[in-house]
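Asker: This structure is in structure tokens; I'll ask about it shortly.
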Amino acid sequence: MQLESFHGEGDESVHGYSGPIHISNGTFACDILQKEVLNAAHKVGYPTIDHLQDLKYNNGFAVCHKYIAPDGSRQDTASRYLHPLLRSGKYPNLHVLTETKVCCFVLIYVSMN
């Protein structure tokens, strides 16, 4: 399973397109600021990189994509993986405690063989 569904331009070999977490430019970008940062970086010798994720290039600057779907909804692990399981009702032993400190974690493994 792929992690991301990338909504952008560029090399398709460095992104996933069928995962549950959407990666996009979001619904708002401060284009003027982004251009100024890239221009300033270029003036001091840093290249502009199209895809930081391909690991072929580094020591440069790029416009960062966000964990936001094209419709503006935030994409995170809880909302894309955990919340659907909780809503489904198929996992009665799945409990989520927020603002709780875990002091001890015990994992009991029972072989089904």
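Asker: From the phi angles alone, apply the Karplus equation (6.51, -1.76, 1.60; θ = phi - 60°) to the stretch 22-37 and give each ³J(HN,Hα) in whole Hz, x where the residue is Gly or Pro.
Answerer: 8, 10, 8, 7, x, 9, 9, 9, 8, 4, 4, 5, 4, 5, 5, 5
Asker: Continuing with this model, one more query. Can you pull out the chymotrypsin sites (Phe, Trp or Tyr not before Pro) in the stretch 3-63 whose DSSP state is coil and whose Cβ has at most 16 other Cβ atoms within 10 Å?
Answerer: Passing sites in the stretch 3-63 are Phe28, Tyr57.
Asker: Provide Leu3, Leu94 in ascending order of the number of other Cβ atoms located within 10 Å of each residue's Cβ, fewest first.
Answerer: Ranking Leu3, Leu94 by Cβ neighbours within 10 Å, fewest first, gives Leu94, Leu3.
Asker: Place a +1 charge on the Cβ of each Lys and Arg in the chain and a -1 charge on the Cβ of each Asp and Glu, then give the dipole magnitude about the Cα centre in debye, rounded to the nearest 20.
Answerer: Dipole of the chain, to the nearest 20 debye: 460 debye.
Asker: If you don't mind, there's one more thing I want to ask. Given R₀ = 30 Å, what would the calculated FRET efficiency be for Thr27 paired with Cys103, taking r from the Cβ atoms and rounding to 0.05?
Answerer: For Thr27 and Cys103, the calculated efficiency is 0.15.
Asker: Loop-only GluC sites (Glu not before Pro) in the stretch 1-96, please: DSSP not H, G, I, E or B, and at most 10 other Cβ atoms within 10 Å.
Answerer: When the GluC sites (Glu not before Pro) of the stretch 1-96 are filtered for loop state and at most 10 Cβ neighbours within 10 Å, Glu9 remain.
Asker: What percent does the relative contact order of the chain come to when contacts are Cα pairs within less than 8 Å and at least six residues apart?
Answerer: That works out to 23 percent.
Asker: Then there is this: Classify the chain from the C-alpha gyration tensor, please: rounded if a/c falls under 1.5, else prolate or oblate depending on whether a/b exceeds b/c.
Answerer: prolate
Asker: With θ set to phi - 60°, apply the Karplus curve 6.51 cos²θ - 1.76 cosθ + 1.60 along the stretch 80-95 and write out the HN-Hα couplings as whole Hz, x wherever there is a Gly or Pro.
Answerer: Listing the rounded values in order: 9, 10, 6, 4, x, 5, 5, 6, 5, x, 8, 10, x, 8, 8, 10 Hz.
Asker: Could I ask something else about it? Net charge near Asp76: determine it from the other residues with C-beta under 14 Å of the C-beta of Asp76, scoring Lys and Arg +1 and Asp and Glu -1.
Answerer: Surrounding charge for Asp76 is +2.
Asker: For the stretch 3-68, with only Lys/Arg (+1) and Asp/Glu (-1) charged at the beta-carbon, what is the dipole magnitude about the Cα centre, in debye rounded to 20?
Answerer: Taking the Cα centre of the stretch 3-68 as origin, the dipole is about 240 debye.
Asker: Hey, what do the phi angles of the stretch 60-70 turn into as Karplus ³J(HN,Hα) couplings, whole Hz, using 6.51/-1.76/1.60 and θ = phi - 60°, x for Gly and Pro?
Answerer: Rounded to whole hertz, the list is x, 10, 8, 6, 7, 8, 10, 7, 9, 6, x.
Asker: His22's amide H: which non-local residues (gap 5+, or another chain) put their own amide H closer than 5 Å, with H modeled 1.01 Å from N in plane and none for Pro or chain starts?
Answerer: It is Ser5, by chain and number.
Asker: May I pose another question? For a quick check, take a GNM of the chain with Cα springs below 10 Å and name the residue from Gly16, Gly26, Gly60 with the largest mean-square fluctuation.
Answerer: Gly60
Asker: Continuing with the same structure: Just Thr48, Thr77, Thr98 to compare: in a GNM of the chain, with alpha carbon springs under 10 Å, which one fluctuates most?
Answerer: Among Thr48, Thr77, Thr98, the largest mean-square fluctuation in the Gaussian network model of the chain belongs to Thr98.
Asker: Considering only Cys30, Cys103, Cys64, give the residue with the highest GNM mean-square fluctuation for the chain, with springs between Cα atoms whenever their separation is below 10 Å.
Answerer: Per the Cα network of the chain with a 10 Å cutoff, Cys103 tops the list.
Bear in mind these aren't lab numbers, they're just calculated from the coordinates by the rules spelled out. What you see is a predicted model, and the numbers here were worked out from it, not measured in a lab. Cβ coordinates were reconstructed from backbone atoms using ideal geometry, including for glycine residues, and neighbour counts include every protein chain displayed.
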